[in-house]
Amino acid sequence: MSYYFAIVGTQDNPLFEYEFGTSKQGGDGQPRFSEQSRHLNQLILHSSLDVVEEVQWTSGQLYMKVVDKFFNNYISCFVTAGNVKFLLLHQPTTATAASASTAGITSTTRSSTSIGANPTSPQTEEAIKSFMTEVYENYVKAIMSPFYRTNMEIKSPVFRARVAAAGRKYL
Amino acid sequence: MAQSTKPPANKDQTSFGSGGSGLRYPSNGKTIYHRPLNRTKTSELSQASFAYLFAEMVTYAQKRVTGIQDLEKRLNVQGHPIGLKLLDLLLFREPPRTQTRPLTIIALLHFIKVNIWQHLFGRQADRLEKSSNPDTPDEYMIIDNEPLVNAYISVPREMSSLNCAAYVAGIIEGVCDGAAFPARVTAHSVTGNTKEDEMWPAKTVFLLKFQPEVVEREALIGKGQ
């Protein structure tokens with residue numbers, strides 16, 4: 001399972017992005033995106049904004065689960081009170097990729113209830129929700145800075161480390 | 001909370017951060033991310049020091065303007081970013097069950113009346129009203145009988161139309177803009193002859209005029225439910 005996480009501002013401008021892999025089932029936390037799909041990820045993620053803007057007015061919930069799917073890429077979304085979107089693209093390890101030597105360990109221990117196997121299972125949704133909530137806490141702290149204005153890029157290495165820690169903890 | 005990287009212990013307090021990242025840590029090693037977002041209910045600030053600061057803010061703004069409207073505009077701009085930040089902070093502090101984004105104008109106004117007012121002034125706003133004029137269905141009013149910001153402000157006679165609660169109007173405008181309900185918010189003093197108006201000489205009405213697209217969306221959402 002590989003993840004691409006981005007925070008998108010109110011003008012559809014990216015504020016933060018981070019790529020990581022699963023740390024569950026012996027994963028090493030490294031993303032397994034192919035060189036080509038890394039560029040596509042950004043496109044796929046941002047193309048889901050249209051869906052997000054429709055869905056966000058149907059429910060007041062901050063966390064909206066999987067909102068969009070493009071082949072094997074699932075997009076989960078979290079909208080903050082200030083209409084900033086947290087988007088997480090998750091790509092379950094496919095059979096072909098799993099047979100590759102790099103992901104060998106993951107494929108043998110994977111069970112149907114694991115977070116990686118089924119992107120729309122309640123367990124996965126709950127794990128992503130925990131991840132998003134923790135990122136939200138740190139995001140609110142970031143915007144509390146008197147020098148931060150809306151839609152400014154978040155450059156703090158401490159913030160990045162916090163997101164990485166949340167990723168390791170839940171995903 | 002799991003925490004992977006601790007900021008380096010800053011033995012020499014004059015050294016600037018580490019690793020050439022340009023990041024400076026405070027001498028106690030705690031950044032803004034190490035501080036909790038939740039405060040105890042009793043952490044209140046001194047009203048005297050607020051009144052002093054606010055008076056300075058008004059004076060500062062007044063030195064750089066040409067008229068009353070301009071002054072109110074400046075106060076409004078000073079409040080705007082506070083509203084944007086308060087919106088996220090206060091929603092984050094809500095218990096998970098009620099942690100929902102306001103989807104309708106009423107929900108938003110309720111959030112302002114209860115949460116924002118409670119946080120800023122320690123009490124709720126006094127009344128919410130909708131414009132009774134059929135030509136202006138986009139206008140709503142939040143009424144405060146005794147705005148805290150005006151407690152120690154005396155407006156000179158020749159500037160009687162000035163209301164320094166324009167600062168609070170700016171905060172409200174920030175909340176509305178942040179929640180994707182773009183609006184124009186202004187503060188007005190009420191001088192009437194009714195018994196109620198005489199009881200509250202400082203009574204202030206915050207007039208919220210929402211953009212047409214907000215009203216349009218409101219109608220669509222109402223239909224969907």
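Computed from the coordinates by the stated procedures, all read-outs in this text should not be read as laboratory data. Predicted, not measured: the structure shown is a model, and the values here were computed from it. Every residue, glycine among them, receives a Cβ derived from its backbone with ideal geometry; neighbour counts consider all protein chains shown.
Report, in listed order, any pair from B:LYS63/B:LYS130; A:LYS129/B:LYS130; A:LYS85/B:LYS113; B:LYS63/B:LYS85 with a Cα-Cα distance greater than 29 Å.
B:LYS63/B:LYS130; A:LYS129/B:LYS130
For the pair B:HIS110 and A:ASN151, how long in nm is the line joining their label points, each one 7 Å along Cα→Cβ?
3.1 nm
Using a Förster distance of 41 angstrom, determine the FRET efficiency expected from the C-beta separation of B:TYR52 and A:GLN42, and round it to 0.05.
Once rounded, the FRET efficiency stands at 0.25.
What's the Kirkwood radius of the stretch A:2-163 in Å, using all Cα pairs?
Radius from the Kirkwood sum: 16.4 Å.
Principal axes first, then extents: for the Cα atoms of the stretch A:1-88, list largest minus smallest coordinate on each axis, whole Å, largest first.
Its Cα atoms span 37, 26, 24 Å along the three principal axes.
Quick one: work out Rg over Rh on the C-alpha atoms of the protein assembly as shown, Rh as Kirkwood radius.
Numbers: Rg = 24.6 Å, Rh = 23.7 Å.
Value, to two decimals: 1.04.
Given a cut-off of 25 Å, what percent of all Cα-Cα pairs of chain B lie beyond it?
Looking at chain B, the distances longer than 25 Å represent 52 percent of pairs.
Tell me which trypsin sites (Lys or Arg not before Pro) from the stretch B:111-157 have a DSSP coil assignment and no more than 10 other beta carbons within 10 Å of their own. Let's see the in-between values first.
Working: sites: B:LYS113, B:ARG123, B:ARG127, B:LYS130, B:ARG157; in loops: B:ARG123.
Here no trypsin sites (Lys or Arg not before Pro) fit, given the DSSP loop and packing criteria.
Compute the angle between helix B:68-93 and the longest alpha-carbon principal axis of chain B, please, reported from 0 to 90 degrees and rounded to the nearest 10.
Helix B:68-93 sits roughly 60 degrees off the main axis of chain B.
Can you tell me the order of A:19-26, B:93-100, B:210-217 when each peptide is scored by its average per-residue count of other Cβ atoms within 10 angstrom, highest first?
By packing density, highest mean first, the sequence is A:19-26, B:210-217, B:93-100.
Mind ranking A:159-167, A:40-48, B:191-199, B:25-33 by how tightly packed they are, going by the mean number of other C-beta atoms within 10 angstrom, highest first? Numbers along the way, then the final one.
Working: A:159-167: 20.2, A:40-48: 17.6, B:191-199: 9.3, B:25-33: 14.2.
Sorting A:159-167, A:40-48, B:191-199, B:25-33 by mean packing, highest first, produces A:159-167, A:40-48, B:25-33, B:191-199.
Count the DSSP beta bridges whose two residues both fall in the stretch A:2-163, then state the antiparallel fraction as a percent rounded to the nearest 5.
Counting only bridges with both partners in the stretch A:2-163, antiparallel ones make up about 100 percent.
Under 18 Å from the Cα of B:LYS203, which aspartates and glutamates turn up, not counting those fewer than eight places away in the same chain?
Excluding near neighbours in sequence, the set is B:GLU72, B:ASP126, B:GLU129, B:ASP144, B:GLU146.
Summarise the partner chain shielding of A:140-150 as one whole number: the mean count of Cβ atoms from other chains within 10 Å of each residue's Cβ.
Working: counts 8, 9, 2, 7, 8, 4, 4, 0, 3, 3, 8.
Average per residue, whole number: 5.
Against the longest alpha carbon principal axis of chain B, how many degrees, from 0 to 90 and to the nearest 10, is the axis of helix B:47-62 turned?
So the helix axis and the longest Cα principal axis differ by about 70 degrees.
Against the longest alpha carbon principal axis of chain A, how many degrees, from 0 to 90 and to the nearest 10, is the axis of helix A:35-47 turned?
Taking the Cα atoms of chain A, the angle to A:35-47 is about 40 degrees.
Determine the dipole magnitude for the protein assembly as shown: charges of +1 sit on the beta-carbon of Lys and Arg, -1 on that of Asp and Glu, nothing else is charged, the reference point is the Cα centre, and the result goes in debye to the nearest 20. Before the final figure, lay out the partial values.
Details: 41 positive and 37 negative charges, 300 e Å.
In debye, rounded to 20, the protein assembly as shown gives about 1440.
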